[in-house]
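For reference, the structure discussed in these notes is given below.
The values are calculated or read from the model by the stated rules, or taken from the named source; none is laboratory data. Computed from a predicted structure; not experimentally measured. Cβ sites come from the backbone with ideal geometry, for glycine too, and all protein chains shown count toward neighbours.
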Protein chains: 2
Amino acid sequence: MKISLKAIPPSGFSGNGIACGLKRSGDADLALLYSDAPAIARAKFTTGSIIAAPLTVSKKHLKLSKTFRALLVNSGNANCFTGKAGIRDAEESARCLGWQLSIPASSVLVNSTGIIGKRLDIAKIKKGIPGLVSGLSGSGIHKAAKAMMTTDTFAKEISVSLKIGGKTVNLCAVAKGAGMIAPNMATMLCFILTDANICGQALEKALAEAVEISFNCISVDGCMSTNDTVLVLANGRAGNKIIASGKALGDFSKALKLVCLELSKMIVMDAEGATKFIRIDVCRAKNFCEARRAALNIANSALFKTAVFGENPNFGRVVAAVGASGLGVREDQLKIHLGSLKGRQVRLKVSLSGGDACATVYTSDLTPGYIKINAEYN
Amino acid sequence: MKISLKAIPPSGFSGNGIACGLKRSGDADLALLYSDAPAIARAKFTTGSIIAAPLTVSKKHLKLSKTFRALLVNSGNANCFTGKAGIRDAEESARCLGWQLSIPASSVLVNSTGIIGKRLDIAKIKKGIPGLVSGLSGSGIHKAAKAMMTTDTFAKEISVSLKIGGKTVNLCAVAKGAGMIAPNMATMLCFILTDANICGQALEKALAEAVEISFNCISVDGCMSTNDTVLVLANGRAGNKIIASGKALGDFSKALKLVCLELSKMIVMDAEGATKFIRIDVCRAKNFCEARRAALNIANSALFKTAVFGENPNFGRVVAAVGASGLGVREDQLKIHLGSLKGRQVRLKVSLSGGDACATVYTSDLTPGYIKINAEYN
């Protein structure tokens, strides 16, 4: 398996990112990812009950169509809590892009990220679309990643290639996210492009497994968002024999997990205001879900996070967080090892003495920087 | 009903607070509340699975004995995650106080608050007990309240008197708490003294109802603690006809609710680093529990709390928190009214359009001050 931290386009994929004026800063805010061949798609969305308008539209398109060609994403505005007008805006952006690309609107998937509750300026998006399309290129996937950023300080991208059945299969993924990050789905956007030839069922299984141990295992602030999306497009251009099960699916799944896990970790690395990257390993739990629950309860403890920020080895806060996790862990079952708090990387190991399962969760510290960013963000 | 924000001792109750050397600052750290007549007791403790040693000992005493005479509380050390040695320390403190007061150890209830995971210096407590006992006085209840404080900036006390069956019944309560505050039980200590003559069952019912709408409706940081306790002692010295049901219980319950609610609000007022006192009213929910869940999900959102700190009316974060609360609230059912963010008092009203139930939750903003306090606390 070859891994690169740059966005290397799989066969048939291109991208672009431009500034269409949604952000007052003038930074790039409109992103396009494009496949020149029809691609199947599978996605995981936020499990919150209030979801953004573009997710409603994308879910409808995922039901209507079997294959997809384009992903349109804007930053600077989440197009959420915008009612029927928000749905119409999302639909109009898909229609306008479809027209420009000469593809059906239903083969366009859309997403948005930014402030919640403000109407999207659809005129700016429509005005930006022709230039967005005309500038499509292989190297433009990096531009697309940059145009999705909100409070992110760097674009998150990764590429992996591996041999499946003698053919080279490529995956390339971009993500955004730095705050409002909590599992189910982790609060962020991630788009994975692959030229693998894979059946829908196998893709769905691989995606579900990868998300479970990656985006659902990170937390910055315990806040789930309205726009969370992980979406994979597979256009089959690698020409491999269709992946359905067995070793081929195992290899593909492994690559997909790597991609998702590395992007998850980048999001935590870029957590708003963070000075620490914290890895929490919980072992000897009854099952993976219980291990993850204990780990996330620690990860979401404001007291644990501030202690790490202060390089203050107050492991009692880990005890309190595990005790409050609802798992019934008793004091005599609990072992805690908190590594050095100096330096950027911090590691916490917790043993529950109740079984054989483990989970690893990544999180950040809670700092005055986080507060400054979120007190001022609008 | 007469209300005072000072600790006025009900008949037969006295208190004291001294510095026995547990706190490096030299501040008072050992508190005693005492009844000269046997008092029945009822309590609510943290629902976390890891509880502090003194809670284990107090729970045992509550099973062993029918009446109680004394409450011993230290601050500066939570005596939690201290294993069997911690239990022995808590037992020894009860035994030593019982000996000094010439009462059985099992009529002493104990509690601790402070750092988790460090052995209690029981020698200091034992050395302090004689002076603690000899200094007991009616006005000493205020001293006891001060000696329970950790990061609190003021002592929390309230007194209420009312007529029940022609007799004056008095309640006086003290509480501590400023951080690690989240429901089930709210993370704090509260001790309520009353001279009411009331049967155990009625006291239990009144306490459960009062806690539900007070300490279980506040949150500072979403962190449940290992030492949470609300405990009421009733010594019957008011000489009223025993309260068991009907109007007498109704009146007593109302007074107890007022006491618990006012102390809860004082805890939020004193929240670590807070600059805002936020009242969240959720109405039109299916039932009280759902209304409270929505309100607490908002109250525990780091993004909402930082927005209020920044006086940034980002109501989209309220939308996201309600959507993530697991109640299935739809966008078109949700109405939000966020009052002015200038000034110390902030009010948020949320309507869910799903029923007739309401809940009110109190919380604070999340500030650099909170982080400073908790990055340094040890």
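Of the set (1) assigned by TED's automatic domain parsing to the domain that holds A:Glu157; (2) in contact (Cβ under 8 Å) with a residue 40 or more places away in the chain, all apply to A:Gly246 but (2).
Evaluation of B:Ala41 against the conditions (1) within 14 Å of chain A (Cβ to nearest Cβ); (2) under 19 Å from B:Ile141 (Cβ atoms); (3) among the small types (Gly, Ala, Ser) shows that the sole unmet condition is (1). Scanning the range A:162-179 for residues that are touching a strand residue (DSSP E or B) at 6+ places or on another chain (Cβ under 9 Å) and either within 14 Å of another protein chain (Cβ to nearest Cβ) or modelled with pLDDT under 90 (or both) yields A:Gly165, A:Leu171, A:Cys172, A:Ala173, A:Val174, A:Ala175, A:Lys176, A:Gly177.
Quickly run through the range A:64-111 and pick out the residues that are farther than 22 Å from A:Lys146 by Cα and within 14 Å of chain B (Cβ to nearest Cβ). If the condition is that a residue be farther than 22 Å from A:Lys146 by Cα and within 14 Å of chain B (Cβ to nearest Cβ), then A:Phe81, A:Thr82, A:Gly83, A:Lys84, A:Ala85, A:Gly86, A:Ile87 are the ones that fit. Under the condition of being part of a loop (DSSP other than H, G, I, E, B) and under 14 Å from A:Leu72 (Cβ atoms), the residues counted in the range A:136-166 number 2. Would you mind stating whether B:Ser49 is within 14 Å of another protein chain (Cβ to nearest Cβ) and free of Cβ contacts under 8 Å to residues at least 24 places away in the same chain? Criteria met by B:Ser49. The residue that is nearest to the chain's Cα centre (by Cα), counting only those in the range A:327-353 that are more than 18 Å from A:Asp365 (Cβ to Cβ) and among the small types (Gly, Ala, Ser), is A:Ser351.
For the range B:127-145, the set of residues classified as touching a Ser or Thr at 6+ places or on another chain (Cβ under 8 Å) and surrounded by fewer than 19 Cβ atoms within 10 Å (Cβ to Cβ) consists of B:Ser137, B:Gly138, listed by residue number.
Quick one: in the range B:34-55, which of the residues that are in a helix (DSSP H, G or I) and either of a type in the set (A, V, I, L, M) or more than 18 Å from the chain's Cα centre (by Cα) (or both) is surrounded by the most Cβ atoms within 10 Å (Cβ to Cβ)? For the range B:34-55, the residue satisfying everything is B:Ala53. Residue count for the range A:66-90, restricted to those that are at pLDDT 95 or above, under 23 Å from the mean Cα position of the chain (by Cα) and surrounded by fewer than 20 Cβ atoms within 10 Å (Cβ to Cβ): 1. The numbered conditions (1) buried (at least 24 other Cβ atoms within 10 Å of the Cβ); (2) farther than 17 Å from A:Gly17 by Cα are all true for A:Ala31 except (2). Of all residues in the range A:157-186, those that are closer than 18 Å to A:Ile115 by Cα have Cβ atoms under 6 Å from Cβ atoms of residues that are modelled with pLDDT of 75 or more and surrounded by fewer than 21 Cβ atoms within 10 Å (Cβ to Cβ), 6 or more apart or on another chain, in A:Ala178/A:Thr151; A:Gly179/A:Thr151. Please verify whether A:Gly328 is free of Cβ contacts under 8 Å to residues at least 12 places away in the same chain and within 17 Å of A:Arg284 (Cβ to Cβ), treating the condition exactly as stated. Here the answer is yes, as A:Gly328 does meet what is asked.
The single condition among (1) assigned to a helix (DSSP H, G or I); (2) more than 7 Å from chain A (Cβ to nearest Cβ) that B:Ile371 does not meet is (2). Just so you know, in the range A:91-126 the residues that are surrounded by 22 or more Cβ atoms within 10 Å (Cβ to Cβ) and in a loop (DSSP other than H, G, I, E, B) include one that is modelled with the highest pLDDT, and it is A:Leu120. One residue alone among A:Val268, A:Val259, A:Val230, A:Val211 is outside any helix (DSSP H, G or I) and away from chain B (no Cβ under 14 Å), and that residue is A:Val230.
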